[in-house]
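Structure first, then comments.
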């Protein structure tokens, strides 16, 4: 019951974000140099299509009417047509989503599991040499520009040693079904996922370290220690569970940064996901795709934040909204 | 700025800043111009070209130095812009509150969810690549961070006396804000601003890497962008600018990180397994000393405490906060925090050594106390202090504790035991599935008591079990503890700062001051004829209908050397009290006190 009510109120808060993003989008193309219809339809669009776009968005009307039309259009799921492919932007974005989900999902799962475990482990002995070394390494990891890290991995694993593929998701002309295909995709996945995961491992080590440290100072941890629970169980069962709450919050807030990292990684490794779509759109000055991608990315981030709140409410019985 | 890492980071930032500012004049010292194509292309790093040369024969080292200018401009510029915007709006929201706060806070939340990088991409794609635009775009999406921090700071500062005083003295809102509120709330903003600088450097470099960098500048991101095409022939073209960026961003992050951390020093307890046979008797603590490692040095929290207890005994340990009574309990249970350890003394329990000559006694690989824990020695914690895990139901916590020590038992056995105990102590059974925060203070304390009695232990240590409860509930809980103690014939150590609670419950009293037991004896004797002036003060501090209340002040624990620790506060202190520590002496039947001038029997009351 409680969860449902929380869910509904939180879901309603996704819309202001989207509204701001859409208004921002439209205001920006208004301010940009050049003709709006050209930006929306493509500079080389044929006159009939250009006229269609003008009519659709009411570009000869006052700004506020144009804005309203634009919002209504976006709300109906119409993000325009891509200049390059003449496909609906929404379709293009959705088509590219699975590849990005595979990459981001793999990288995040790895970094959360590995990062929180290491962080919890070093939190037991703050100030120890192991803690200091790991803290320094994790700070360095999230200070590395992700594309540079990827480049270095390519240098090591593909240029100096020819161990792993560095481009695309599948070998051209390679297997297209069965286990062979899965292995092929996995081999292509290793380097980009490793690149993306490395930066976030550092973040999650830091996060879980400080969260676990805070929880270990709580009285209920003293209670379970006094009862005689073994240290490992105290740490993994009691402390980590409670410490995961702040880790979850950060996950929701930082999805935007994760997606930015994914865009760079996909560009570097030619991974056929959303990031690559955005990069190609930038090269071709395909404005509708860039704008559409911005809307969709914001939507995902707002949705992730919403999911985080729900997860938090489900895990922490004290939360009431 | 304490740690070495912070100092090195500051040095790195300052060095790069100097290099960036001095770059135009470094040419005279032999630094090549960043665009000069004077050298041979593709030269690997060497003496002439420290970082090698690129595909046009430009010196990579010179370009890295020049690139730091762009990095620092972006870092400082966007961070300053974002902080400024954040400070203004955050301060407005926090200071004025009401609908202004409501509206602005919502705005912060919304802007915080806009993904920075993609907005920057869109702006740069629409308006063309330029450094000021990039800077502005980063600031637009990052300001809510500092705004939120500032708002929270102002909310706490607004009520402070000096702000109120300034307003009352006729200062306008603006003056109060800019002169009194904002300067005092800046600390965390600076920390966040430092972290933001790192993020800004990375964002600018990422844009350049996607080909959206300002082509007229020398930036690290552009260098890596060019370098990736030459990865096979000249990997140094991408390696060095990346390293420079890593160094700078890590320095920013370490600086931001180091601005608010302190380090806890640990104390390693000694262990021993070779101990002689222990004499009988339920519990004996002899000459126990516990030290804390603090910023200021070693603190002797417990200083030579001895205590004896037989089955069925009830002893109360009283003293004000910081006297070492809770540390004594934690040392007995071996649950001291990481920066504390027993350094001296012996503890034995029913023929088992737990602590011998300051070392924890082990059996096999685990401490000897682990076999006695909870089954024979249990503890009642103060429930107001979160003694129960807030995210687990009461049922689960009790059952997990039961099954830890009775691994073969079923869930039904455990539930049956918990229900019996709840019946004994007066908790309705339907409260089993409640979370701790759903219970009243008294109920929560009863659950904590039930937890301690799961296995009918021989000894229960109750650490402030009634603190933070109101008087009526306090009496009920004490009554229930006493009834259960009699019924199960367990030994009880009641730790409290409340003389009254101890007098109601315990047959014997030990008064602690500054880590030592200064007086001990039968409750009636101690109350009727207190020998130590401190005991006298505690008794006089009890609430009465008539007469003044003398509240005890905090005692300095340890560090007094040879004097009597109570001397500075003692009304009857003489020269000997300031030069010589008193030893314990007999006052009456099993009644002892450590005082040079024990109070006369039946003294003023």
Going by what's in this entry, would residue A:305 be described as in contact (Cβ under 8 Å) with a residue 24 or more places away in the chain, at the interface with chain B (Cβ under 8 Å from one of its Cβ atoms) and at negative phi?
yes
Residues (within 14 Å of chain B (Cβ to nearest Cβ), more than 20 Å from residue A:210 (Cα to Cα) and assigned to a helix (DSSP H, G or I)) located in the range A:75-132:
A:89, A:93, A:100, A:104
I'd like the full set of residues that are over 28 Å from the mean Cα position of the chain (by Cα) and either within 20 Å of residue A:183 (Cβ to Cβ) or more than 12 Å from every other protein chain (Cβ to nearest Cβ) (or both), limited to the range A:151-162.
A:161, A:162
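Going by what's in this entry, would residue A:244 be described as surrounded by fewer than 17 Cβ atoms within 10 Å (Cβ to Cβ), touching a residue at least 40 places away in the same chain (Cβ under 8 Å), out of contact with any helix residue (DSSP H, G or I) (no Cβ under 6 Å at 6 or more places or on another chain) and in a helix (DSSP H, G or I)? Write out each step before concluding.
Working: surrounded by fewer than 17 Cβ atoms within 10 Å (Cβ to Cβ): no; touching a residue at least 40 places away in the same chain (Cβ under 8 Å): yes; out of contact with any helix residue (DSSP H, G or I) (no Cβ under 6 Å at 6 or more places or on another chain): yes; in a helix (DSSP H, G or I): yes.
Criteria not met by residue A:244.
This table checks each residue for (1) outside any loop (DSSP other than H, G, I, E, B); (2) more than 41 Å from the chain's Cα centre (by Cα); (3) at pLDDT below 85; (4) loosely packed, with under 14 Cβ neighbours inside 10 Å.
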{"residue": "B:546", "(1), (2), (3), (4)": "no, yes, yes, yes"}
{"residue": "B:554", "(1), (2), (3), (4)": "no, no, yes, yes"}
{"residue": "B:557", "(1), (2), (3), (4)": "no, no, yes, no"}
{"residue": "B:565", "(1), (2), (3), (4)": "no, no, no, no"}
{"residue": "B:593", "(1), (2), (3), (4)": "yes, no, no, no"}
{"residue": "B:597", "(1), (2), (3), (4)": "no, yes, no, no"}
For the range B:381-399, what are the residues that are under 25 Å from residue B:349 (Cβ atoms) and more than 23 Å from the chain's Cα centre (by Cα)?
B:398
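Consider residue A:81 carefully, then state whether it is touching a residue at least 24 places away in the same chain (Cβ under 8 Å) and over 30 Å from residue A:250 (Cβ atoms).
Details: touching a residue at least 24 places away in the same chain (Cβ under 8 Å): yes; over 30 Å from residue A:250 (Cβ atoms): yes.
When the stated conditions are applied, residue A:81 passes them.
If you check residue B:397 against the conditions, is it in contact with a strand residue (DSSP E or B) (Cβ under 7 Å, 6 or more places away or on another chain) and either under 25 Å from residue B:493 (Cβ atoms) or within 14 Å of chain A (Cβ to nearest Cβ) (or both)?
Numbers: in contact with a strand residue (DSSP E or B) (Cβ under 7 Å, 6 or more places away or on another chain): no; either under 25 Å from residue B:493 (Cβ atoms) or within 14 Å of chain A (Cβ to nearest Cβ) (or both): yes.
So residue B:397 does not fit the description; no.
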Taking the range A:11-32 only, how many residues are in contact with a helix residue (DSSP H, G or I) (Cβ under 9 Å, 6 or more places away or on another chain), more than 7 Å from every other protein chain (Cβ to nearest Cβ) and more than 15 Å from residue A:67 (Cα to Cα)?
4
Odd one out for residue A:170 among (1) facing chain B (nearest Cβ under 8 Å); (2) farther than 30 Å from residue A:206 by Cα; (3) in contact with a helix residue (DSSP H, G or I) (Cβ under 6 Å, 6 or more places away or on another chain)
(1)
Candidate set from the range B:378-393 (those that are touching a strand residue (DSSP E or B) at 6+ places or on another chain (Cβ under 7 Å) and buried (at least 24 other Cβ atoms within 10 Å of the Cβ)); member that is modelled with the lowest pLDDT
B:381
Residue A:87 is checked against (1) crowded, with 18+ Cβ neighbours inside 10 Å; (2) touching a strand residue (DSSP E or B) at 6+ places or on another chain (Cβ under 8 Å) and fails just one. What number does that condition carry?
(1)
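Could we say that residue B:193 is more than 10 Å from chain A (Cβ to nearest Cβ), assigned to a helix (DSSP H, G or I) and out of contact with any strand residue (DSSP E or B) (no Cβ under 6 Å at 6 or more places or on another chain) here?
Numbers: more than 10 Å from chain A (Cβ to nearest Cβ): yes; assigned to a helix (DSSP H, G or I): yes; out of contact with any strand residue (DSSP E or B) (no Cβ under 6 Å at 6 or more places or on another chain): yes.
Considered against the rule, which asks whether it is more than 10 Å from chain A (Cβ to nearest Cβ), assigned to a helix (DSSP H, G or I) and out of contact with any strand residue (DSSP E or B) (no Cβ under 6 Å at 6 or more places or on another chain), residue B:193 comes out as yes.
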Where in the range B:258-339 are the strands (runs of 3 or more DSSP E), entirely inside, with at least 1 residues that are within 21 Å of the chain's Cα centre (by Cα)?
B:283-294, B:297-309
Can you tell me which residues in the range A:262-298 are surrounded by fewer than 24 Cβ atoms within 10 Å (Cβ to Cβ) and more than 10 Å from every other protein chain (Cβ to nearest Cβ)?
A:270, A:272, A:276, A:280, A:284, A:288
Given the conditions (1) in a helix (DSSP H, G or I); (2) more than 16 Å from the chain's Cα centre (by Cα); (3) at pLDDT below 90, report the number of the one that residue A:268 does not fulfil.
(3)
Regarding the range A:39-55, can at least one residue be identified that is within 13 Å of another protein chain (Cβ to nearest Cβ) and in contact with a helix residue (DSSP H, G or I) (Cβ under 8 Å, 6 or more places away or on another chain)?
yes
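Checking the condition surrounded by fewer than 24 Cβ atoms within 10 Å (Cβ to Cβ) and either at pLDDT 90 or above or in a helix (DSSP H, G or I) (or both), which residue from B:207, B:243 passes? Even if it seems obvious, please write down each step before you answer.
Working: B:207 fails: surrounded by fewer than 24 Cβ atoms within 10 Å (Cβ to Cβ).
Residue meeting the stated conditions: B:243.
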Right, residue B:114: closer than 26 Å to residue A:255 by Cα and within 12 Å of chain A (Cβ to nearest Cβ) or not?
yes
Let me confirm something: among B:387, B:414, which residue is at the interface with another protein chain (Cβ under 9 Å from one of its Cβ atoms) and either touching a helix residue (DSSP H, G or I) at 6+ places or on another chain (Cβ under 8 Å) or in a helix (DSSP H, G or I) (or both)?
B:387
Does residue A:136 satisfy the condition of being within 9 Å of chain B (Cβ to nearest Cβ) and out of contact with any helix residue (DSSP H, G or I) (no Cβ under 6 Å at 6 or more places or on another chain)?
yes
Identify the residue in the range A:217-236 that is under 34 Å from the mean Cα position of the chain (by Cα) and either within 9 Å of another protein chain (Cβ to nearest Cβ) or over 29 Å from residue B:451 (Cα atoms) (or both) and, among all such residues, is surrounded by the most Cβ atoms within 10 Å (Cβ to Cβ).
A:218
Does the range A:181-190 contain at least one residue that is within 14 Å of chain B (Cβ to nearest Cβ) and either surrounded by 15 or more Cβ atoms within 10 Å (Cβ to Cβ) or assigned to a loop (DSSP other than H, G, I, E, B) (or both)?
no
Per the filter on the range B:68-110, residues surrounded by 24 or more Cβ atoms within 10 Å (Cβ to Cβ) and farther than 20 Å from residue B:137 by Cβ are B:68, B:90, B:93, B:94
Is the range B:423-430 home to any residue that is within 14 Å of another protein chain (Cβ to nearest Cβ), assigned to a helix (DSSP H, G or I) and closer than 15 Å to residue B:394 by Cα?
no
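Out of everything in the range B:125-134 that is in a helix (DSSP H, G or I) and surrounded by fewer than 22 Cβ atoms within 10 Å (Cβ to Cβ), what residue ends up being farthest from the other protein chains (Cβ to nearest Cβ)?
Our first condition is that a residue be in a helix (DSSP H, G or I); within the range B:125-134, this holds for B:125-127, B:131-134.
Next cut, surrounded by fewer than 22 Cβ atoms within 10 Å (Cβ to Cβ) only: B:126-127, B:131-133.
Working: B:126: 4, B:127: 6, B:131: 18, B:132: 15, B:133: 11 Å.
Of everything passing the filter in the range B:125-134, B:131 is farthest from the other protein chains (Cβ to nearest Cβ).
The values are calculated or read from the model by the stated rules, or taken from the named source; none is laboratory data. From a predicted model like this one, the values you see are computed outputs, not experimental measurements. Quick reminder, even Gly has a Cβ in these numbers, built from the backbone with ideal geometry, and neighbours come from all protein chains shown.
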